[in-house]
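Working notes, structure below.
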Amino acid sequence: MTVRHRSVLRIVAAAAAGLMTLAACGGPAPDGGGDGGMSGEISLLTPIFEGVSGKAVLEEQLALFKERYPDITVKPDYTSYSKLNEKLTTSIASGQPYDVMLMGVGWVPPFAAKGVLADLQLDPAELKTRFYGPAVDAGIYQGKVYALPIMLDTRIGLYRKDFFAEAGLTEPPKSFAEMREYGRLLTKRAPNGELQRAGMDILSLDLRQSFETFLWANGGELFTPDGQVAFNSPQGVEALQTMVDIIRVDRSEDIGFTQNKAATGIALLQGRAAMMIGHHNYWTEMELTAPELIEQDKVGFFVITNERPAVFQGGTLATVAAQSKHPEAAKALVEFLTSEGPALAANEQRGNIPALKSLESSEFVQQNGAIQFAMQNLEHAHSEGGTPQWLEIRGKFKAAVESALLGEKTAQQALDELAAEAEAALAAGG
């Protein structure tokens, strides 16, 4: 994701305000005044702040942290979400976990259940006065708070208003049936059958996340409240079958079309797709690569809906290792990273939704149409996870969904086989 450069002075001011807010609102503060006498080197594992510019953003924030805590040194290790689990598990297995670990929604229960994370001893009710409730809930396991949220990210429907108008469509789809109908109408192919514009792009997004969004929209769940497999329910099978039909029956998208390496960027912004499931941070990409689409109001948003509206909600949270040699210093860093200035810088860098309610009034949030839409629909949000074995299960979804989309298995077969693997992981206890 391309980094957006912001005023250092504004971030410095926001960081100072954020630290004061933490104390004023009753949030945990380090013992004593100033640096609280804390010292030591703490390691930080982060899947955000990517690239050279991203590192520069984090370094600016850590310089501010150093001003407040001069005897604490932070040693960051940059990774990606695709390699995060490997980094975490390797460090834990070696007996030297990172002091502070940033991780995604759904990741806290697996690590908390294994005793890897420190109980931050915070009050969930108080946190929800400062942070959005779903973001706080993602850091809770068995009633205890193990993580503080930095950002939320969502997956929503996006569509080209200009293509809709050309086809005589006046509003986005409100059901799977309408989505398929619109997709067929909006698809464009050359006389030789070559796809020129996908009517409905479900492949640009991670296949697991696409399926989960369809699953939730169809009234299904990943797991039952007591942690049993539920995604191969009739609702789940119908959700996956809808995805299969978009590809194999409607031919609204071809496998590989939006992943074409020769076509960089987002298909919808390029005019190569009319509708899609995507990330709200595509707005940031649009500002940089196709600002005329914003100026001419050509991109709209909708919630994927069938039995109910559903928004996929992820995010990034900050945790402290239970074995940290400097737990108070690590906790101070977590509190700093989730305060206003650093959180705003992190969210601007990734085009995400700040978890802090106070940042809703920031210029960044107020001028971002996709974030505004996502925030207005957080009541429809659903998140991954639901079992301590989630990290063993999540990586198996892509192959299962792919096998159905390629016609190698029926939707029922693909999900039943996936369910059997998930049940084995649950029985083994992770």
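The values are calculated or read from the model by the stated rules, or taken from the named source; none is laboratory data. None of the values given here were measured: they were computed from a predicted structure. Because the Cβ atoms are built from the backbone with ideal geometry, glycine has one as well, and the counts that use them run over all protein chains shown.
What about A345, is it touching a residue at least 40 places away in the same chain (Cβ under 8 Å), crowded, with 24+ Cβ neighbours inside 10 Å, touching a helix residue (DSSP H, G or I) at 6+ places or on another chain (Cβ under 6 Å) and part of a helix (DSSP H, G or I)? In short, yes. With the condition kept exactly as written, say whether any residue in the stretch 95-108 is more than 18 Å from V320 (Cβ to Cβ), touching a Lys or Arg at 6+ places or on another chain (Cβ under 9 Å) and assigned by TED's automatic domain parsing to the domain that holds K357. Yes, the stretch 95-108 contains a residue that is more than 18 Å from V320 (Cβ to Cβ), touching a Lys or Arg at 6+ places or on another chain (Cβ under 9 Å) and assigned by TED's automatic domain parsing to the domain that holds K357.
Answer yes or no as to whether R189 is among the basic types (K, R) and crowded, with 18+ Cβ neighbours inside 10 Å.
no
For the stretch 112-208, no helices (runs of 4 or more DSSP H) sit wholly inside it while including 3 or more residues that are basic (K, R) and under 20 Å from the mean Cα position of the chain (by Cα). Residues satisfying the criterion are absent from the stretch 109-130 (criterion: under 22 Å from F49 (Cα atoms) and surrounded by 24 or more Cβ atoms within 10 Å (Cβ to Cβ)).
A Cβ distance below 7 Å, combined with a sequence gap of six or more or placement on separate chains, defines the contacts here; from the stretch 171-186, residues that are not assigned by TED's automatic domain parsing to the domain that holds I246 reach no residue that is part of a helix (DSSP H, G or I) and buried (at least 16 other Cβ atoms within 10 Å of the Cβ).
Return the residues of the stretch 59-86 that are within 19 Å of the chain's Cα centre (by Cα) and either in a helix (DSSP H, G or I) or outside the structural domain of K325 (by TED's automatic domain parsing) (or both); say none if nothing qualifies. Y81, S82, K83, L84, N85, E86, listed by residue number.
Scanning the stretch 87-108 for residues that are surrounded by 20 or more Cβ atoms within 10 Å (Cβ to Cβ) and part of a helix (DSSP H, G or I) returns L88, V108. Does L317 count as of a type in the set (A, V, I, L, M), surrounded by 22 or more Cβ atoms within 10 Å (Cβ to Cβ) and either assigned to a loop (DSSP other than H, G, I, E, B) or more than 17 Å from the chain's Cα centre (by Cα) (or both)? Criteria not met by L317.
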